[in-house]
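To start, the structure under review is shown below, and the notes come after it.
The values are calculated or read from the model by the stated rules, or taken from the named source; none is laboratory data. Keep in mind that what you see is a predicted model, and the values were worked out from it rather than measured. Glycine gets a Cβ as well: all are built from the backbone with ideal geometry, and neighbour counts include every protein chain shown. Just so you know, the surface numbers come from the protein's heavy atoms only, side chains and all, with ligands and any DNA or RNA stripped out. Shrake-Rupley method; radii C 1.70, N 1.55, O 1.52, S 1.80 Å.
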Amino acid sequence: MEVVQVLHMNGGVGETSYANNSFVQQKVITMTKPITEDAITKLYCSTYPEEIAIADLGCSSGPNTFFVVSELIKAVNSVRQKICQKSPEYQVFLNDLPGNDFNTIFRSLSIFQNKLREQLGPGIGPCFFTGVPGSFYGRLFRKNSLHFVHSSYSLQWLSQVPRGLENNKGNIYMASTSPPNVLKAYYEQFQQDFSLFLKCRSEELVDGGRMVLTFLGRRSDDPSSKECCYIWELLAMALNDMVLEGVIEEEKLNSFNIPQYTPSPAEVKYEVEKEGSFSIDRLEVTEVNWNAYQNETDLSDAFKDGGYNVAKCMRAVAEPLLFSHFGEAIIDEVFRRYREIVADRMSKEKTEFVNVIISLKKA
């Protein structure tokens, strides 16, 4: 599997699109808002720059793309008004892999810009937007050209499926039944990728530049713990049932593994300190329910179905990977079964995603 080519969220604005099934991610961005605002405020107040270059890495498409950017600009605007500073100009870089639906982003750009001007008034500086397709596990920008980097729910994705997973049979990710070499291979791939990410960003950020990174992660020291692997284990159950019924070839399932690693806070901290380019300002852990609609009111009957919500959210994320490996024919049936399995488990136990958030300053 060429991850760079096939990893992207479902595009467009249809029923199974990421744009319409990314409420969990929006909740996480909202939960992280105090950390993000604190970081960009410290950045702005340190030098009062006349221009601020912001990069959102793994921007995907849909409302969350502009939600992040608007919150950052609003935070700076609030501070500069209080101290009667002229607004800086903003250069915003939206990055994701080449398969991302950049067209949907830029079709809605003028609407976002007009709304931002209405909210912030005529004093707001101009905002320039650029799409940057490419892997963030490599250089994307000129040296010393960025002031602020944001990334949410992207850095758990690896640059490639780790090598040496041939004996991870029946699993599609790290699981309680995975052999030790599988867990080791995943961790080493994460170390290699995140270290390279830090090195590249250190070259691109100005001195004193800042980053806020949110990982889908775990609290436990065990990389195969339920808190980070369960969501994929349940998808593996649906796929294994289809193998038993002869719908999917066993060999096909055994050669499929998700290119993701959900790190602990200690693992993230260790890589930052080892790479050495950044100081840690804040490191925090939060949780969000699998069903992000759980405590919402005034929902239609469909959205009151937790299994339905989670299956749609996971389909928006995982469908391109499954499609490229298994083909289109099985997709609807896999997620129908997955919805039933997830609904059953959610009715019996507490199900949460763990978020690891780190705020960094270029040393």
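Table for the structure above
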| quantity | calculated |
| --- | --- |
| The listed residue being surrounded by fewer than 20 Cβ atoms within 10 Å (Cβ to Cβ) and farther than 30 Å from residue 339 by Cβ, out of 225, 145, 220, 135 | 145 |
| Unique match (being touching a strand residue (DSSP E or B) at 6+ places or on another chain (Cβ under 7 Å) and of a type in the set (A, V, I, L, M, F, W, C)) among 132, 161 | 132 |
| Inter-residue pairs, beta-carbon under 6 Å, first on the phi > 0 side of the Ramachandran plot and in the range 128-157, second open to solvent by 20 Å² or more (accessible area, probe 1.4 Å), 6+ apart | 134/140; 144/206; 153/216 |
| Of all residues making up the range 202-223, the number that are under 18 Å from residue 281 (Cβ atoms) and free of Cβ contacts under 8 Å to residues at least 60 places away in the same chain | 0 |
| Residue satisfying condition, being open to solvent by less than 10 Å² (accessible area, probe 1.4 Å), at pLDDT 90 or above and of a type outside the set (S, T, N, Q), within set 235, 196, 213 | 213 |
| Residue in the range 40-49 that is at pLDDT 50 or above, under 20 Å from residue 354 (Cβ atoms), touching a strand residue (DSSP E or B) at 6+ places or on another chain (Cβ under 8 Å) and not in a strand (DSSP E or B) present | no |
| Filter pass, residue 51 being open to solvent by 10 Å² or more (accessible area, probe 1.4 Å) and within 28 Å of residue 316 (Cβ to Cβ) | no |
| The one condition in (1) in contact with a Cys (Cβ under 8 Å, 6 or more places away or on another chain); (2) crowded, with 21+ Cβ neighbours inside 10 Å; (3) modelled with pLDDT of 90 or more that residue 105 fails to fulfil | (3) |
| Test: residue in the range 55-69 that is modelled with pLDDT of 95 or more, closer than 18 Å to residue 109 by Cβ and among the aliphatic types (A, V, I, L, M) | yes |
| Top-ranked residue of the range 181-214 - restricted to ones that are under 16 Å from residue 142 (Cβ atoms) and not in a helix (DSSP H, G or I), ranked as farthest from the chain's Cα centre (by Cα) | 207 |
| Residue count, the range 247-290 (criterion: open to solvent by 60 Å² or more (accessible area, probe 1.4 Å) and either within 17 Å of residue 334 (Cβ to Cβ) or out of contact with any strand residue (DSSP E or B) (no Cβ under 9 Å at 6 or more places or on another chain) (or both)) | 9 |
